[in-house]
1. Looking at A:Leu46, A:Leu18 in this structure, which one is closer than 15 Å to A:Glu64 by Cα, of a type in the set (A, V, I, L, M, F, W, C) and free of Cβ contacts under 8 Å to residues at least 40 places away in the same chain?
2. Output the residues belonging to region B:74-115 that are assigned to a strand (DSSP E or B) and not hydrophobic (A, V, I, L, M, F, W, C).
3. Can you pull out every residue in region B:57-73 that is part of a loop (DSSP other than H, G, I, E, B) and either farther than 17 Å from B:Ala30 by Cβ or among the charged types (D, E, K, R) (or both)?
4. Any idea which of (1) in contact with a Pro (Cβ under 8 Å, 6 or more places away or on another chain); (2) farther than 16 Å from B:Val4 by Cα is the one B:Val54 doesn't satisfy?
5. What residue, of A:Ser28, A:Ser14, is more than 12 Å from chain B (Cβ to nearest Cβ) and under 26 Å from B:Gln50 (Cβ atoms)?
6. Go through (1) within 14 Å of another protein chain (Cβ to nearest Cβ); (2) not in a strand (DSSP E or B) one by one and return the number of the condition B:Leu46 breaks.
7. Take the residues in region A:63-81 that are hydroxyl-bearing (Ser, Thr, Tyr) and not in a loop (DSSP other than H, G, I, E, B); name whichever of them is modelled with the highest pLDDT.
Amino acid sequence: AQSVTQLGSHVSVSEGALVLLRCNYSSSVPPYLFWYVQYPNQGLQLLLKYTTGATLVKGINGFEAEFKKSETSFHLRKPSAHMSDAAEYFCAVRLNNAGNMLTFGGGTRLMVKP
Amino acid sequence: EAEVAQSPRYKITEKSQAVAFWCDPISGHATLYWYRQILGQGPELLVQFQDESVVDDSQLPKDRFSAERLKGVDSTLKIQPAELGDSAMYLCASSLVGGALNEQFFGPGTRLTVL
């Protein structure tokens, strides 16, 4: 079985501050890991993904995430928050076997204060 | 830019009524997914199609939900009868094929409110 835990359903940062959104997963086999962003009343958009290779992956809009197997984590970060980053962020895991089902975390709502 | 289309965007219905949602995936995408996203939670997969065939519907409440993709292109998700607990956002996504490395592109969703 696989599961995804996002610590903190709401995170508030000031504009220009570091954004850190936490994601931990449990999986019996090496997973593929994803971060999606959802703006109000819109569908999900892929920010970045980890499959194999380099553990630090860079995505769109200045976001990056690091896969740490020993910590079973895939935290998302951005050095400097913009007002436009305010949205809901979802971490997801996908097994690289025949099932290939995406399992999402509960989401973290990021608020950016001016 | 190609997008996944969904309609309607919003639907309000009374319990015990029937509702239907429509999804048109990106042209050429063989795999289509329906997700349900309850407010404050992440999306949960309801059903996955590969062309016109169902690949996974293990999480679909089959006593009231049905999904079809008759010609392997657009798809319809139906609920009959609707219950209060069905209030949620219903998201459709598509990908070129169903493999783990293929990005799923999501539509804007249909927000269902059951009164």
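1. On the way: A:Leu18 fails: free of Cβ contacts under 8 Å to residues at least 40 places away in the same chain.
From the options A:Leu46, A:Leu18, the qualifying one is A:Leu46.
2. Across region B:74-115, the qualifying residues are B:Ser75, B:Thr76, B:Lys78, B:Tyr90, B:Ser94, B:Ser95, B:Thr110, B:Arg111, B:Thr113.
3. Within region B:57-73, the first condition is being part of a loop (DSSP other than H, G, I, E, B), and the residues that meet it are B:57-64, B:69-73.
Across region B:57-73, the qualifying residues are B:Asp57, B:Ser58, B:Gln59, B:Leu60, B:Pro61, B:Lys62, B:Asp63, B:Arg64, B:Arg69, B:Lys71.
4. (1)
5. A:Ser28
6. Every condition holds for B:Leu46 apart from (2).
7. It comes out as A:Ser73.
Condition check ((1) more than 13 Å from the chain's Cα centre (by Cα); (2) touching a residue at least 24 places away in the same chain (Cβ under 8 Å)) across all residues:
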position: B:Cys23; (1), (2): no, yes
position: B:Glu52; (1), (2): yes, no
position: B:Val55; (1), (2): yes, yes
position: B:Lys78; (1), (2): no, yes
position: B:Ser87; (1), (2): yes, yes
position: B:Cys92; (1), (2): no, yes
position: B:Val114; (1), (2): yes, yes
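The values are calculated or read from the model by the stated rules, or taken from the named source; none is laboratory data. Just so it is clear, the model here is predicted, and its values are computed rather than measured. Here the Cβ is made from the backbone with ideal geometry for all residues, glycine too, and neighbour counts use every protein chain on show.
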